[in-house]
Amino acid sequence: MNPSEIEKLANLARLKINEETIEQTAKSITEVLSLVDQLKAAETEGASPMAHPLDAVQRMRADVVSEANQREAFQKIAPATENGLYLVPKVID
């Protein structure tokens with residue numbers, strides 16, 4: 001990429017690039033585009049997509065109740081409840 005293309009892209013992206021850094025920016029973007037071309041050239045036929053490079057499995061903890069039910073104690077101090085539910089002011093018309 002040349003500096004005039006960088007200036008045009010910067011304008012379109014609403015970015016301000018200093019005159020001093022335009023050459024370096026052009027060089028950096030050219031290097032990135034070169035890496036993208038290298039990735040495009042890689043053979044991916046038959047490769048399946050993956051979410052993680054390792055076949056790691058997360059350990060799951062047992063789904064057991066670990067605290068006592070304190071619902072009634074909490075609802076006693078609530079401003080308004082009805083049938084076991086908390087009543088709140090209407091916020092959407």
Worksheet item: Among the residues of the stretch 5-39, which ones are loosely packed, with under 10 Cβ neighbours inside 10 Å and in contact with a helix residue (DSSP H, G or I) (Cβ under 8 Å, 6 or more places away or on another chain)?
Response: Lys16
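Residue-by-condition table, conditions (1) touching a residue at least 60 places away in the same chain (Cβ under 8 Å); (2) exposed (fewer than 10 other Cβ atoms within 10 Å of the Cβ); (3) more than 29 Å from the chain's Cα centre (by Cα):
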{"site": "Ala56", "(1), (2), (3)": "no, yes, no"}
{"site": "Arg59", "(1), (2), (3)": "no, yes, no"}
{"site": "Ser66", "(1), (2), (3)": "no, yes, yes"}
{"site": "Glu72", "(1), (2), (3)": "no, yes, yes"}
{"site": "Ile77", "(1), (2), (3)": "no, yes, yes"}
{"site": "Glu82", "(1), (2), (3)": "no, yes, yes"}
{"site": "Leu87", "(1), (2), (3)": "no, no, yes"}
{"site": "Ile92", "(1), (2), (3)": "no, yes, yes"}
Worksheet, complete the sentence: Cβ pairs under 6 Å, 6+ apart or interchain, first in the stretch 14-27 and in contact (Cβ under 8 Å) with a residue 24 or more places away in the chain and under 10 Å from Met1 (Cβ atoms), second of a type in the set (A, V, I, L, M, F, W, C) and part of a loop (DSSP other than H, G, I, E, B), ordered by first then second residue, are Ala26/Met1
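Read-outs throughout are calculated quantities, based only on the coordinates presented, and are distinct from any laboratory measurement. The structure presented is a predicted model; accordingly, all values stated were derived computationally and were not measured. Counting neighbours? That spans all protein chains shown, and the Cβs are built from the backbone with ideal geometry, glycine included.
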